[in-house]
Structures are given as structure tokens and as C-alpha cells.
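Worksheet for the structure shown next.
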Amino acid sequence: LAPLLILFEAGSLLYLTDAETGVVETISAYSILGRASEAFGVAGFAVPGILLIVGLLIWHTLLRDPWRADPATLAGMLIESIAWTLPLLAIAALIGPTSAVQLDSDPGGQVAAAQPGDWPWQARLTLAVGAGLYEEMLFRLLLIPLVIVVFRDLIRLRASSSRFAAIGVSALLFAAYHDLSGPGGSDAARLLFFLVAGVYFGALFVWRGFGIVVGVHAAYDIVVLLVLTK
């Protein structure tokens, strides 16, 4: 994930930051994670990315995984991520292509006034990668294990039932996190898509891991924002 982290942080500085005001147009999940860290006295540039790196390093250490990167494994993960993106694109084609990117709305309204289709492709690529990283960090990497602990250890559900419940809860919150307003009010198709996508991402996280689900989420939004967005 290091290349994606670097791409997002560099792209944010180069293509999503207003040089005059310093306002950064970014992913809502990134802002949520940043505000949460500020509540614990941790603030500054790229804090969500730093927290993600530290969390993954702790996880890696606790699992006692090897420290040598296997190029074949990384290539396989890339291919698998692309493969798992295809069913999601098929689902979107049935429901209606919808980006899973949710932007932060700053007080000045600069994000709300801008449409991704009006931005350069570099900015749209940055947003797609950021959504893959930080929406998955928030709704899958942090939320699903927490909900599993609640259902398994406090409510005493079976491990398998706890996983299914956690996937469902994360999907509901993932849908609620996105803007569902359409031309006629609440858009049922958008709600359906985000619910289905939330279940899909949650299942991939539980059974294939964080790296794969980040790759799938980012790849899907790259297709929507760079290919399908006019």
C-alpha cells in the first residue's frame, strides 16, 4: 500500500490544495480520521496516513509475518484486486454507475461547488486512491474488528455470526456516510448500490484482507472517476 499512500499525499498537495487559501479538498473519511486523532491530541500533516502505517506495522509485528516483500505476492494481489473489481462494475452497470468517493464539505463550500468531472485527471486519480485507502481504513479496518469484538465477546454470538453481523453494520454505516440525494430527493438506486458495495467490500476484507479490498475500492473509483465521469 505504500505507493498508494505516497500517491495520495503527493496528489493532495499538488492537485487538491488551493494555493491561495490553503484549503484541501479531500475524502470525508480522511477528515473524519483526522478529527478523531485531534481529539486524542494528535494533529498535523498526513496524520491519517501515519496512523494507517503504524497500525499496519503493529498488526504485522503481532502476526510475526516476514519482513521481506515477495514481488510475486504483490503482483498477485494487484491482479486479484483487478479481478474482484469486475463483479462490482457489473453490479454498478445494473444499478447505475456510482462513485464510492465521498468528499469533505468545508465551511467555504469549495468542495460542494466543484464537480469531479471538472477536475484534472490527476485530481480524480488522487481522490479515487484516497477513497480506497481511507474509506476502507474507517469502515473495514477499524469498524469491522470492533463490531466483531462487541458481538462475539459481549453479546456472545458465534464467530461466524459475528463476522456476518459486522459486515452488515459496516455496510449500513458505509451507505449512511454517502450523499444519497438525487434529482427527486433520496435516490433509492444510490442507497442500494452503497449497501451492496458495503457488503461486497466487507466480505472481501474479512476473507481476502485489507490490501485486496483497498485495491478493489481504488480500482473501482479509478474506473468511475477517470473513465466514466464526463
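The values are calculated or read from the model by the stated rules, or taken from the named source; none is laboratory data. Every value quoted in this text rests on a predicted model; they were computed, and no experiment measured them. When the accessible area is computed, the model is the full protein with side chains, heavy atoms only, and any ligands, DNA or RNA have been set aside. Shrake-Rupley method; radii C 1.70, N 1.55, O 1.52, S 1.80 Å.
Over the chain, give the accessible area per residue in Å² for a 1.4 Å probe, as an integer.
On the way: 12080 Å² over 230 residues.
Per residue, the chain has an accessible area of 53 Å².
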### Summary
Asserting the computed 222 nm helical MRE of the chain (DSSP H runs at least 4 long, -39500 (n - 2.57) per run, divided by residue count, to nearest 500) equals -20000 deg cm²/dmol
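If I compute solvent accessible area with a 1.4 Å probe over the protein chains, what percent of it on the chain is carbon and sulfur?
Working: 8370 of 12080 Å².
Roughly 69 percent of what the probe reaches on the chain is carbon or sulfur.
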